[in-house]
Amino acid sequence: MTAAIRVTGLTKTYAQHRALDNVDLVVEEGSIFGFLGPNGAGKTTLLRVLTGLARSTSGVVQILGHNVTAVDDSIRARIGFLPDVPGFYDWMTAEEFLRFVGRLFAIDRRTLDERVHMLLDLAGLTDVRTTIGGFSRGMKQRLGVAQALINAPQLLLLDEPTSALDPMGRRDVLDMLTSLRGRTTVFFSTHILADVERVCDTVAILDHGRVVAQGPIDELTSRYAERKVILEVTDAAGQLGQDIAREPWAASVAVGPTGVIEITVSDMDAARRTIPALIAGRNTGLRRMEAGEMGLEEVFVSLVGGGTK
Amino acid sequence: MIGFAAFAQKEILEIVRTWRVWVLPGILLFFALTGPIMARFTLEIIHALASEQLGNFTLPDPSYVDAYTGWIKNLSQTALFALIIVYGSIVSSERRSGTAILVLTKPVSRGSFILAKATVHSAFLAVLVVIGTAVTWGLTAVVFEEAPGPALWSAALAWLAFGILFIALMTLLSVLIAPAAGAAGAGLGAYALISIASLWTPLGRWSPAGLTTIPTSLALGEPVDAFWPVCTALLLAAALFALAAAAFQRNEL
């Protein structure tokens with residue numbers, strides 16, 4: 001496999017603010033890559049650098065084998081891009097806009113006719129005759145996805161493609177992304193974890209401008225599952241939870257109503273040694289103690305510091 | 001340059017289908033239609049309204065020259081100010097609305113983006129000036145029964161070079177200054193400076209500054225050499241468009 005996107009040591013600073021901090025990223029050709037991060041993590045900044053809209057402060061960024069600073073019309077012709085808030089010419093209709101974008105790619109008329117009709121159908125805008133100025137945010141988002149596909153791109157870059165969509169619209173867009181698997185490399189940023197779990201092969205998690213985890217979803221969840229312990233005790237779960245929360249290796253502790261305690265740990269060996277002593281200290285009975293299963297959401301929350309201790 | 005033609009076509013459609021089709025064309029057509037008539041009847045209107053104040057003071061009879069100079073003065077003042085305001089957002093509006101991002105991530109270079117705007121809007125101004133001048137010429141012939149062409153057309157075309165220079169200047173200012181009002185203010189300031197500079201004879205003769213007065217002199221039928229002011233205006237316009245493209249290339253979107 002070759003890399004559709006290869007980012008090495010990318011840093012981007014704005015005055016005193018470091019938006020991207022030594023980012024390394026590899027997106028394999030044909031994969032569907034989810035780029036996760038909380039608001040302000042630097043996802044949009046990275047996409048702006050990838051598309052040449054912004055310049056990196058340092059580092060190397062390659063798109064389809066070309067350094068992004070040297071990307072010319074022939075490379076841009078192979079890329080589709082949807083910004084987080086797409087801007088349209090409000091006086092155009094959806095069909096006129098798609099035809100305009102198609103002409104920017106110099107697509108021949110017959111092919112353009114076919115693609116415009118197919119994409120209007122995909123976007124659910126076939127019978128819409130009003131100009132874009134009268135569109136809802138969801139309609140604009142769907143049109144944005146459609147215009148990003150007009151050139152049948154080899155690499156599709158999407159910034160929060162489902163954020164403004166209703167559940168049906170989200171499902172349609174995700175189905176469409178799934179259908180591109182193997183043919184088009186899809187790189188999309190989002191904070192909707194369910195979307196990533198549903199369609200992505202690989203994810204990277206960005207926090208404060210740094211990639212804190214990257215890899216196939218299964219690998220990530222199993223890697224971080226080793227950091228979770230589930231206890232079930234007969235009584236005094238609340239007090240035991242407080243004892244555990246005071247330990248330096250306990251990243252987060254959640255006490256359930258039936259005596260179940262979920263613990264995210266930073267040092268599994270220390271946890272294994274200490275937990276039995278804490279249980280014995282409370283003189284409570286142990287029903288079970290096991291490694292927990294972690295979903296992507298829990299991995300995300302534990303990595304970006306959203307856990308509560 | 002793949003997307004140049006498509007983007008230029010979009011610019012033309014945008015003129016036709018938005019407020020742009022009303023503002024400059026409306027202003028120029030209004031002056032073209034009313035100028036010769038106002039020139040013909042101004043004397044009667046003054047006599048009707050203020051004959052007592054005039055006393056023994058006599059005004060010369062109106063002629064086609066009044067219609068011509070009226071048209072050129074309207075171009076040099078009201079139309080130019082409108083142009084400066086309208087084009088203060090020629091690039092910044094696309095950045096603000098996000099349309100520049102969608103276009104410039106397609107096979108359209110930033111140079112093509114600026115060049116398409118320069119080409120279409122310069123041509124648009126040329127069409128407006130030609131139509132407005134033709135209307136003024138025709139109406140003047142009807143109203144005054146005398147309308148020699150060379151004086152009017154040479155004056156209008158000399159002003160057109162000045163107008164294109166200001167489209168180029170506003171394109172550059174719109175790249176450099178995001179708020180449209182800021183760019184327009186800078187454009188009006190530039191006009192004031194050029195007007196003052198034209199008072200210095202060498203600048204008036206050899207630079208675009210001369211075009212603040214030369215069109216009126218041409219309309220009056222005075223023997224004025226407009227060659228260097230027109231040439232330098234067009235060269236400077238080309239340089240400003242190139243500078244705008246270079247500055248836009250450096251902008252982060």
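Here are the numbers for this structure:
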{"quantity": "Residue, farthest from the other protein chains (Cβ to nearest Cβ), within the stretch B:95-142, restricted to residues that are charged (D, E, K, R) and buried (at least 18 other Cβ atoms within 10 Å of the Cβ)", "calculated": "B:117"}
{"quantity": "Qualifying residue in the stretch A:4-13 (condition: touching a Pro at 6+ places or on another chain (Cβ under 6 Å) and farther than 20 Å from residue A:161 by Cα)", "calculated": "no"}
{"quantity": "Residue match in the stretch B:78-92 (condition: among the hydrophobic types (A, V, I, L, M, F, W, C), over 21 Å from residue B:180 (Cβ atoms) and touching a helix residue (DSSP H, G or I) at 6+ places or on another chain (Cβ under 7 Å))", "calculated": "no"}
{"quantity": "Within the stretch A:194-309, strands (runs of 3 or more DSSP E) holding 2 or more residues that are within 30 Å of residue A:178 (Cα to Cα) and under 28 Å from the mean Cα position of the chain (by Cα)", "calculated": "A:202-207, A:210-216"}
{"quantity": "Yes/no for residue A:175 being open to solvent by 20 Å² or more (accessible area, probe 1.4 Å), in a helix (DSSP H, G or I) and either closer than 24 Å to residue A:68 by Cα or more than 14 Å from every other protein chain (Cβ to nearest Cβ) (or both)", "calculated": "yes"}
{"quantity": "Per-region count, the stretch B:1-14, residues more than 10 Å from chain A (Cβ to nearest Cβ) and open to solvent by less than 10 Å² (accessible area, probe 1.4 Å)", "calculated": "1"}
{"quantity": "Residues of the stretch B:65-80 satisfying the condition of being touching a residue at least 60 places away in the same chain (Cβ under 8 Å), open to solvent by 10 Å² or more (accessible area, probe 1.4 Å) and out of contact with any Leu (no Cβ under 7 Å at 6 or more places or on another chain)", "calculated": "B:73, B:76"}
{"quantity": "Selection from the stretch B:45-64 of residues that are of a type outside the set (Gly, Ala, Ser) and open to solvent by less than 90 Å² (accessible area, probe 1.4 Å)", "calculated": "B:45, B:46, B:47, B:54, B:59, B:62, B:64"}
{"quantity": "Residues within the stretch A:190-216 that are over 16 Å from residue A:26 (Cβ atoms) and open to solvent by less than 40 Å² (accessible area, probe 1.4 Å), tallied", "calculated": "8"}
{"quantity": "Per-region count, the stretch A:239-288, residues farther than 30 Å from residue A:203 by Cβ and open to solvent by 60 Å² or more (accessible area, probe 1.4 Å)", "calculated": "15"}
{"quantity": "Selection count, the stretch A:1-28, where residues are closer than 15 Å to residue A:61 by Cα and assigned to a strand (DSSP E or B)", "calculated": "19"}
{"quantity": "Within the stretch A:55-82, tally of residues that are within 10 Å of chain B (Cβ to nearest Cβ) and either among the acidic types (Asp, Glu) or open to solvent by 60 Å² or more (accessible area, probe 1.4 Å) (or both)", "calculated": "5"}
{"quantity": "First in the stretch A:116-127 and of a type in the set (S, T, N, Q), second anywhere and surrounded by fewer than 22 Cβ atoms within 10 Å (Cβ to Cβ), Cβ under 8 Å, 6 or more apart", "calculated": "A:126/A:117; A:126/A:120"}
{"quantity": "Residue match in the stretch A:105-119 (condition: surrounded by fewer than 20 Cβ atoms within 10 Å (Cβ to Cβ) and within 9 Å of another protein chain (Cβ to nearest Cβ))", "calculated": "yes"}
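The values are calculated or read from the model by the stated rules, or taken from the named source; none is laboratory data. The structure presented is a predicted model; accordingly, all values stated were derived computationally and were not measured. Using ideal geometry, Cβ is built from the backbone for each residue, glycine included, and neighbour counts are taken over all protein chains shown. With ligands, DNA and RNA removed, areas are computed over all heavy atoms of the protein, side chains included. Shrake-Rupley method; radii C 1.70, N 1.55, O 1.52, S 1.80 Å.
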